[in-house]
Amino acid sequence: MRRDKVLNWAGKIARFASGLSPHLKGELNFKIAATVSMMLLTAGGLFAQESPSPEGPEIYKKMSLTELMDLDVTSVAKQPEPYLQAPAAIQVITGDDIARSGASSLPEAMRLADNLEVAQKNSHDWAISARGFNTALANKLLVLMDGRSVYTPLFSGVFWDVQDYLLQDIDRVEVISGPGGTLWGANAVNGVINITTKNAKDTQGFYSEGGGGSQLQYFGGARYGGTLASNVYYRVYGKYFQRDDEVFADGTDAQDSWNMGRGGFRVDAEPSLQTKFTLQGDYYAGHEGITTGGRANVSGGNVLGRWSHVFSDSSDMSLQMYYDRTHLTDPIPASVVGPITLAPAGILTDDLDTFDIDFQHHFNLLDWNNIVWGLGYRFTHEVNQNAPALAFLPPTLDHNLFSGFVQDEIRLHDNVFLTLGTKVEHNDYTGIEVEPSARLQWNVTTNQTLWAAVSRAVRTPSRVDRDLSEPGPGAPLVLLQGNPNFQSETVIAYELGYRAQLTPKLETSLSAFYNDYNNIRSTTTNSVLDAFGLPFPFFFQNNLEGETHGFELTANYHLFDWWRLHGGYDLLKEDLRVKPGKSDINNALNETADPQQQFSIRSSMDLPRNIDFDTALRWVDTLHLNNGATVGTVPSYFELDARLAWRPIQDLELSVVGQNLLHDHHPEYGFPSPTRVEISRSVYGKISWQF
Amino acid sequence: MLIAFLVLLAPFSLRAQSKEYQIKAAFLYNFAQFVLWPETAFTNTDEPFRIGVLGDNPFGKALEEIVHGEKIQGRPIEIVESSSAEKMAGCQIVFVSKSQVPHFGDVSSKLDSKPVLTVSEDAGFIKRGGIINFYRDGTKVRFEINPDAADKKGLKLGSELLSLGKIVRPEAPK
């Protein structure tokens, strides 16, 4: 996504400049960025709650009355609150959900979260956001994998193409729509995605999968898990795939095929019931075809360690450190204005090293305060080799981020909780940022929760906002520039939610929001014409403000033991405008390429003879995208995915998956043009085997 | 709550919150092994053994999972869920959810003299004529039994039940 974006964007500017259609969308797209981010330990660490011993109805039924009387109703380990009672707009995708969806990569699996907008832009790039602002370089969503932030300070968004794992070993994905700045820090403006892989203890033994098909041409993956010592578990895994080109509207190849290989390990040690250590690491490398020519190379790796200790039911702490490295080599086309070539084609590289350390402590005070606080530090070192047509200045940038947060959950009454907290961060671009929130939660019954929240979150500047030069400084004319005075974008969000297990078979949730944004990125020009009589350079400012509101509704219905239905519907209304007396060459159209409505219905059937049959229908409303002040659309569409799986013997599964079955190809993103990439129908077969 | 915010559990609430009810469901199934129903409890030999849940079902799917494929007194087991006491008429065990206990007088009259083992988890249940009541002792599940109420219904309680449960006799000689 990065490369196409950067490219498209450069191309659009060039076209604009040469008097063709003013296609500024790309640049605008480049939203600002936030820097920082978060920490927090994530799930796996402190609060992990794997059951220490087998339990459940199957075990209990075999027990005598005496044994039953000996069981503890509550688990010893700190018990996180049931999902039903979480005071936030959260949806949880389980590993099983992912397997049954037929998703072959992490970004595809994000379609399972109804509170996300997911648009595939080409073979290897996705636009993913929550509650709007799904521009080409969407930048208001924070994503963590096992506690490691995967956002890039280049544009404050996520390169979804390189976020993946052996999906079999994903434990769950928690998708929170709404601000999470108080806990997670800058960039968690409209949502947080927390991806958690399984504990190595739960992935013992050998697993392998392989297959191929029309778009996903071939793929394979394997994992082996074992023990290193008593209570020390490990796994190693690898995965590889090759994807074919998608197509343009006329059916010709978009030349965007890609392949990616990755591998990694995870070690989990539990020397005692109270103490856990995790050490994990991954490495990946891939090649991606770029529709405007050439291939991008991506690679990266990380290593993460986490120690957590439970002192008692009401007190625990964790310490996490990681190092992460990403590399990108991206072909950048020439910058051409009319008959003049401002800068020749070239190569942009981006190398980012991140070191991060986080500490968190949780304890109870006076029986009615549940307090969590933490400290974090992050150092990033980014080096660019600039292309003639696209540059970041300075080419080398070191940044420090210091953060601290405290949050107190106060029990006002038996089932009424007030949570107050704030994060305070210091970043090298804008200094101190404060992100407070207040949440009120009322557990009406054990099966019903009402909650309300007010939060502030910020998106701090990215390198695009501050350091961009397009083309680079060697060119006779710069078309678009970052702005050293670019400030943080802010939101104040008001939320109201209800979640209930209405009957044992029916679970539902409704989350409504009203978001008030300020200092959103605009693209502006000085009114003075330059030597060419043109209004260049354009540069970024914070000239937009506005509101969004809407709601997210979901329901899970267990029709029968063997048949589950899931439905989701989102409504989003956006009203962004240029601040009085200010300007934006895009008329405030560039930040909101979002469907006003979308819905999905999924069905999961467990049929006789070990057959699973799953279908997912989705409808996405029209997207309005801009080209400068001109609006274009991606038409609304229905699409259907289906999966049929059969286990002839235990541990062996054969499956056939069809994705986007309703059209030969359909666009999900992009301003209308002959080179907008459309997504093809895809069918693949898969065999998986474990022992 | 913060923890929930960060970690959130399993996708499905039932799992997380119902360990207590999984245990109670196992108790229910176990009780059946130590109670002898009179022949009049069944209208014919093919009739299944029915366990009723009156009112909100706090067990989720745990009860179904526990009785799945099992038999009681040679009969396959059927779970009946309803908030109507009439629907409980053919049941041999009826679990009365908390919300229904205040109306247990009415319920009782509808079940009338049928040989039904009534079970609940409300402090007032035995007083209102119930037979077995769950209560919590710290983190453990315990139960109290009123053998007089069982006698009235023609149920014979095994000695294991009587020795493990706390015997209460609200109608004992005054």
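FYI, it's all coordinate maths here, none of it is from the lab. A quick note: this is a predicted structure, and the numbers were derived from the prediction, not measured. Methodologically, a virtual Cβ is constructed for each residue, glycine included, from the backbone with ideal geometry; neighbour enumeration extends over all protein chains shown.
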Original post:
If you average the sequence gap of Cα pairs under 8 Å that are 6 or more apart and divide by the length of segment A:335-414, what percent do you get for the contact order?
Top reply: 32
**OP:** Hey, can you grab everything whose amide H is under 5 Å from the amide H of residue A:124? Only 5+ residues off in sequence or another chain; H modelled, so Pro and N-termini drop out.
**Re:** none
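Averaged over all directions, how much area does the convex hull of the C-alpha atoms of segment A:415-572 cover when projected, in nm²? Don't skip to the answer; put the middle values down first.
On the way: hull surface 56.3 nm².
So the Cα hull casts an average projection of 14.1 nm².
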Original post:
For the protein assembly as shown, with only Lys/Arg (+1) and Asp/Glu (-1) charged at the beta-carbon, what is the dipole magnitude about the Cα centre, in debye rounded to 20?
Top reply: 980
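For residue A:611 and residue A:647, compute 0.36 nm times the residue count separating them, minus their Cα-Cα distance, and round to one decimal in nm.
Working: separation 36, 0.36 × 36 = 12.96 nm, distance 0.66 nm.
That works out to 12.3 nm of additional length.
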**OP:** Quick one: which residues, 5 or more positions from residue A:133 or on another chain, have an amide H under 5 Å from its amide H? H modelled 1.01 Å from N in the peptide plane, none for Pro or chain starts.
**Re:** A:593
Subject >> Other-chain or far-sequence residues with amide H under 5 Å of residue A:231's (modelled H) >> reply: none
Original post:
So what is the 222 nm mean residue ellipticity for the protein assembly as shown from helices alone, if each DSSP H run of at least 4 adds -39500 (n - 2.57) and you divide by all residues, rounding to the nearest 500 deg cm²/dmol?
Top reply: -3000 deg cm²/dmol
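In whole Å, what three semi-axes, largest first, describe the equivalent ellipsoid of segment A:218-314 built from its Cα gyration tensor (square root of 5 times each eigenvalue)? Let's see the in-between values first.
Numbers: eigenvalues 342, 41, 24 Å².
Its equivalent ellipsoid spans semi-axes of 41, 14, 11 Å.
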Original post:
Once Lys and Arg get +1 and Asp and Glu get -1 on their Cβ, which of A:473, A:441, A:484 lies farthest toward the positive end of the dipole of segment A:412-501?
Top reply: A:441
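What is the ratio of the Cα radius of gyration of segment A:550-691 to 2.2 N^0.38 Å, where N is its residue count, to two decimals?
On the way: Rg = 20.5 Å, N = 142, 2.2 N^0.38 = 14.5 Å.
That ratio works out to 1.42.
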Subject >> Candidates B:74, B:60, B:158, ranked by Gaussian network fluctuation over chain B, Cα under 10 Å, top entry >> reply: B:74
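Note down the net charge around residue A:385, summing +1 for each Lys or Arg and -1 for each Asp or Glu among other residues with Cβ under 11 Å from its Cβ.
Neighbour charge sum, excluding residue A:385 itself: -3.
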Original post:
How large is ³J(HN,Hα) for each residue in segment A:567-581, as worked out from phi by the Karplus curve 6.51 cos²θ - 1.76 cosθ + 1.60 (θ = phi - 60°), to whole Hz, x for Gly and Pro?
Top reply: x, x, 9, 10, 10, 9, 10, 10, 9, 9, 8, 7, 5, x, x
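How long are the three semi-axes of the equivalent ellipsoid of segment B:100-153, in whole Å, if each is the root of 5 times an eigenvalue of the C-alpha gyration tensor, listed from largest down?
Numbers: eigenvalues 86, 31, 11 Å².
Over the Cα atoms of segment B:100-153, the ellipsoid semi-axes are 21, 12, 7 Å.
Could you work out the Kirkwood radius for segment A:322-452, taking every pair of different alpha carbons, averaging 1/r and inverting it, reported in Å?
Values: mean 1/r = 0.0528 Å⁻¹.
Result for segment A:322-452 stands at 18.9 Å.
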Original post:
Arranged by the count of other C-beta atoms within 10 angstrom, fewest first, what order do A:655, A:177 take?
Top reply: A:655, A:177
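Determine how many Å³ per residue the convex hull of the Cα atoms of segment A:173-268 encloses.
Details: hull volume 14.6 nm³, N = 96.
So the per-residue hull volume is 152 Å³.
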Subject >> Per-residue HN-Hα couplings for segment A:546-555 [Karplus 6.51, -1.76, 1.60; θ = phi - 60°; Hz; x = Gly/Pro] >> reply: x, 10, 10, 8, x, 8, 10, 10, 9, 8
Original post:
Which angle between 0 and 90 degrees, to the nearest 10, do you get for helix A:2-17 versus the longest principal axis of chain A when only C-alpha atoms count?
Top reply: 30
Subject >> Binned Cα-Cα distance frequencies in the protein assembly as shown - 10 Å width, integer % >> reply: 2, 12, 21, 23, 18, 11, 7, 4, 2, 0, 0
Subject >> Cα radius of gyration and Dmax for segment A:120-244 (Å) >> reply: 16.9, 50
Subject >> In sequence order, calculated HN-Hα J values of segment A:259-269 (Karplus, 6.51, -1.76, 1.60; Hz; x Gly/Pro) >> reply: 9, 8, x, 8, x, x, 8, 8, 10, 10, 10
Original post:
Under a point spin-label approximation (7 Å from Cα along Cα-to-Cβ), what is the residue B:110-residue A:218 distance to one decimal in nm?
Top reply: 6.6
**OP:** Compute the whole-percent fraction of alpha carbon pairs in segment A:640-682 spaced more than 12 Å apart.
**Re:** 67
Original post:
Rounded if a/c is under 1.5, else prolate if a/b is larger than b/c, else oblate: which is segment A:293-355, with a ≥ b ≥ c the root eigenvalues of its Cα gyration tensor?
Top reply: prolate
Original post:
How much space per residue, in cubic angstrom, does the convex hull of the C-alpha atoms of segment A:576-650 take up?
Top reply: 114
Subject >> Summed side-chain charge close to residue A:565 - residues other than residue A:565 whose Cβ falls under 14 Å, Lys, Arg +1, Asp, Glu -1 >> reply: -2
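Quick check on packing: order A:640-653, A:111-124 by the mean number of other C-beta atoms within 10 Å, highest mean leading. Present the calculation step by step, with values, prior to reporting the outcome.
On the way: A:640-653: 15.3, A:111-124: 24.4.
By packing density, highest mean first, the sequence is A:111-124, A:640-653.
For A:335, B:82, what ranking results if the residue with the fewest other Cβ atoms within 10 Å of its Cβ goes first? Mind dumping the intermediate values first?
Details: A:335 28, B:82 14.
The order, fewest Cβ neighbours first, is B:82, A:335.
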**OP:** Pop a pseudo-label 7 angstrom from the Cα along the beta-carbon direction at both residue A:63 and residue A:208 and give the gap in nm to one decimal.
**Re:** 4.1
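Could you check how many percent of all C-alpha pairs in segment B:47-118 are farther apart than 17 Å? Numbers along the way, then the final one.
Values: 1006 of 2556 pairs.
More than 17 Å apart: 39 percent of the Cα pairs in segment B:47-118.
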Original post:
Given labels modelled 7 Å from the Cα in the Cβ direction, how far is it in nm from residue A:373 to residue B:140?
Top reply: 4.0
**OP:** Please report the relative contact order for chain A, taking Cα pairs under 8 Å with a sequence separation of at least 6, and give it as a percent rounded to a whole number.
**Re:** 14
Original post:
Ranking B:65, A:433, A:382 by Cβ neighbours within 10 Å, fewest first, what do you get?
Top reply: B:65, A:382, A:433
Subject >> P(r) tail fraction, segment A:255-375 - alpha-carbon pairs more than 20 Å apart, % >> reply: 64
Original post:
For chain B, with the dipole built from +1 on Lys and Arg beta-carbon atoms and -1 on Asp and Glu ones, taken about the Cα centre, which of B:73, B:105, B:43 lies farthest toward the positive end?
Top reply: B:105
Subject >> q = 0.14, 0.16, 0.20 Å⁻¹: log10 I(q)/I(0) that the Debye formula gives for segment A:163-212, counting C-alpha atoms only >> reply: -0.52, -0.62, -0.77
